[in-house]
Amino acid sequence: MAPTPSRPFYDGARYDYAQSVGHQLFQLLQQMRREVEHRMAAHDLTDAQWRPIWLLALGVASTPAELARELDMDPGALTRLLDRLVAKDLVVRERSDADRRVVLLQLTDAGRAVASQVPHVLAGVNNDYLAGFSRADWQQLLTLIGRLTANGQSLQAARAEADA
């Protein structure tokens, strides 16, 4: 049974952006990103640099096109970023043996060493932001964020269907 729709939480005539869930989540994300970037500086990485290194380490992407899609980044900007990571000896570009048009990205030993620090930094930031939360609070927060995400996915799927 579908949940009963509730009364809207926001009214456009009296909308206070500071009380908006979207605005508050955005502010939280910005704070957390700044904290992650501060801690990544100890590993000589910027926010823009640690993310592709981490995605390569996880195997989420292996080509510039995949990485650009995962990072929601312009391919030109990604090329410049990869140039910096190559210059820092963290990433190498190699042509695919199967298709010479395809460039594969690999972490160097130094890149793997840096990537191994990323989960420790991320865990530390998340744990610090969750200070004072119980395990039940943490689980409830994850559940609520999951519900928001599911609602957004439903909206996007409905829009894609309507556009088709």
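Could you list, in sequence order, the residues of region 29-53 that are polar (S, T, N, Q) and surrounded by 12 or more Cβ atoms within 10 Å (Cβ to Cβ)?
Taking region 29-53 as the starting set, the residues that turn out to be polar (S, T, N, Q) are 30-31, 46, 49.
Matches in region 29-53: 31, 46, 49.
Being part of a loop (DSSP other than H, G, I, E, B) and under 17 Å from residue 54 (Cβ atoms) is the filter here; which residues of region 90-105 pass it?
Of everything in region 90-105, just one residue is part of a loop (DSSP other than H, G, I, E, B) and under 17 Å from residue 54 (Cβ atoms), namely 90.
Taken over region 111-144, the criterion of being closer than 24 Å to residue 34 by Cα and small (Gly, Ala, Ser) is satisfied by 111, 113, 115, 116, 123, 124, 131, 132.
In region 102-127, the residues that are without any contact (Cβ under 8 Å) to a residue 40 or more places away in the chain form Cβ pairs under 7 Å with partners that are in a loop (DSSP other than H, G, I, E, B), at six or more places apart or across chains, as follows: 102/63; 102/96; 108/89; 108/90; 110/89; 110/90.
Check region 106-125 and report whether any residue there is closer than 18 Å to residue 21 by Cα and assigned to a helix (DSSP H, G or I).
Keep residues of region 106-125 that are closer than 18 Å to residue 21 by Cα, which gives none.
No, every residue in region 106-125 fails to be closer than 18 Å to residue 21 by Cα and assigned to a helix (DSSP H, G or I).
Scoring residue 23 on the criteria (1) touching a helix residue (DSSP H, G or I) at 6+ places or on another chain (Cβ under 8 Å); (2) outside any helix (DSSP H, G or I) leaves a single failure, condition (2). I'd like to check something: does region 91-100 contain any residue that is of a type outside the set (Val, Ile, Thr), without any contact (Cβ under 8 Å) to a residue 40 or more places away in the chain, within 30 Å of residue 123 (Cβ to Cβ) and surrounded by fewer than 10 Cβ atoms within 10 Å (Cβ to Cβ)? No, that holds for no residue.
When each of 29, 85 is tested for being of a type in the set (A, V, I, L, M, F, W, C), farther than 28 Å from residue 151 by Cα, part of a helix (DSSP H, G or I) and outside the structural domain of residue 144 (by TED's automatic domain parsing), the lone residue that passes is 85.
The values are calculated or read from the model by the stated rules, or taken from the named source; none is laboratory data. The structure presented is a predicted model; accordingly, all values stated were derived computationally and were not measured. Cβ: placed from backbone, ideal geometry, glycine included. Neighbour counts: every protein chain shown.
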